[in-house]
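Read the structure below first, then the notes.
The values are calculated or read from the model by the stated rules, or taken from the named source; none is laboratory data. The model shown is predicted, which means the values in this text are computed figures rather than measured ones. Cβ sites come from the backbone with ideal geometry, for glycine too, and all protein chains shown count toward neighbours.
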Amino acid sequence: MTVAVKKILNKSGKGRKEYITEVNLISSLRHPNLVQLKGWCHDGGQTTFLLVYEFMSEGSLDSHLFRARPALTWSVRYKIYKGLALALLYLHDVYLRFGTSYGTVMLMVSSLRLKAIEFHSTCGV
């Protein structure tokens with residue numbers, strides 16, 4: 001199994017909070033259009049935190065929309081945006097919103113199906 005690893009450094013004390021929030025929040029969410037958190041760990045001194053996610057083989061959405069050659073067909077774009085809508089609907093239903101720009105947080109699987117990552121709670125989880 002190929003995975004992606006996100007490394008969070010605890011330089012200003014915010015890293016630990018970000019890590020705990022992601023583990024608590026993302027590990028509890030299950031939806032076909034959300035990237036799944038597979039595991040996590042940290043060093044004993046809690047200066048480095050690792051989050052292990054499923055690997056998205058096609059990269060980020062912005063790389064397909066703005067750098068893809070040849071350009072995506074309209075049917076492929078429709079499929080991508082339908083995935084975005086489904087992910088946002090699910091997140092809205094569980095009172096979440098995105099924390100950064102959409103293009104950098106949307107990842108693609110090999111079938112060009114969209115999955116979301118990097119969102120946070122509006123209710124202070």
Flagged pairs (Cβ under 8 angstrom, 6 or more apart or on separate chains; first in the stretch 43-55, within 16 Å of Met1 (Cβ to Cβ); second part of a loop (DSSP other than H, G, I, E, B) and polar (S, T, N, Q)) are Tyr53/Gln36; Glu54/Gln36; Phe55/Thr2
Would you point out the residue of the stretch 48-68, among those that are hydroxyl-bearing (Ser, Thr, Tyr) and under 14 Å from the mean Cα position of the chain (by Cα), that is nearest to Ser27 (Cα to Cα)?
Tyr53
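For residues that are under 27 Å from Lys11 (Cβ atoms) and in a loop (DSSP other than H, G, I, E, B), tally how many sit in the stretch 30-44. Spell out how you get there, then give the answer.
The initial filter retains those residues of the stretch 30-44 that are under 27 Å from Lys11 (Cβ atoms), namely 35, 37-44.
Restricting the remaining residues to those that are in a loop (DSSP other than H, G, I, E, B) gives 35, 43-44.
Total satisfying the criteria: 3.
Yes or no, residue by residue, for (1) of a type outside the set (Phe, Trp, Tyr); (2) modelled with pLDDT of 70 or more:
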residue: Phe66; (1), (2): no, yes
residue: Arg69; (1), (2): yes, yes
residue: Trp74; (1), (2): no, yes
residue: Arg77; (1), (2): yes, yes
residue: Ile80; (1), (2): yes, yes
residue: Gly83; (1), (2): yes, yes
residue: Tyr90; (1), (2): no, yes
residue: Ser101; (1), (2): yes, no
Restricting the stretch 45-67 to residues that are among the small types (Gly, Ala, Ser) and part of a loop (DSSP other than H, G, I, E, B), the one nearest to Lys14 (Cα to Cα) turns out to be Gly45
Conditions (1) part of a helix (DSSP H, G or I); (2) within 12 Å of the chain's Cα centre (by Cα) -> Leu86 fails only (2)
Odd one out for Gly15 among (1) at pLDDT below 85; (2) closer than 27 Å to Asp93 by Cβ; (3) not in a loop (DSSP other than H, G, I, E, B):
(2)
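In the list Thr48, Thr21, which residue meets the criterion of being touching a strand residue (DSSP E or B) at 6+ places or on another chain (Cβ under 9 Å) and modelled with pLDDT under 80? Please lay out each step first, then the result.
Working: Thr48 fails: modelled with pLDDT under 80.
Just a single option satisfies the conditions, and that option is Thr21.
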